[in-house]
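Nothing in this text is a laboratory measurement; each read-out follows from the coordinates by a stated rule. Since the model is a prediction, treat every value here as computed from it, not as a measurement. Here the Cβ is made from the backbone with ideal geometry for all residues, glycine too, and neighbour counts use every protein chain on show.
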Amino acid sequence: MRFLCLTVALLAVAGTAAGATSGPRLALTDITPLTVAGVGFGAGTDVHVSIRFGQARLAKQVESTRTGRFVARFRRSLAESSCTQVTITATTARTRVTSKIVPAGEGCGAERVTSDPVSPRP
């Protein structure tokens with residue numbers, strides 16, 4: 001139940017942020033399996049999504065929809081009681097977005113640590 005509340009909160013933040021700015025945004029929407037949602041990435045754009053937590057590094061290539069959204073599901077999961085920082089990066093030919101999140105595990109405290117601003121690719 002706690003994770004469901006986190007998911008709803010993150011989606012609300014992503015939706016509000018997307019309405020406020022035109023820049024890309026990321027959200028960790030589930031930890032079983034790890035699922036990342038993105039908005040503001042441009043229509044039909046190839047997006048390289050990577051997740052790092054602990055010693056694990058996962059990567060997936062997805063294509064955004066015509067509305068600039070994507071969902072990337074990975075085969076791995078993160079324990080619900082884990083307080084491990086999850087770093088999500090989504091990269092296109094022109095942008096790179098990184099979010100650092102600590103899921104709301106038992107006794108973890110903060111749910112979202114930082115979200116780095118969009119930086120243009122060199």
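Quick notes on this one:
- Each of A43 and E80 was given a label point 7 Å from its Cα along the Cα-to-Cβ line. The distance between the two points is 4.1 nm.
- Spin-label model distance (nm) - R73 vs A59, 7 Å beyond Cα toward Cβ: 2.3
- Whether the range 33-97 is rounded, prolate or oblate, judged on the alpha carbon gyration tensor where a/c under 1.5 counts as rounded: prolate
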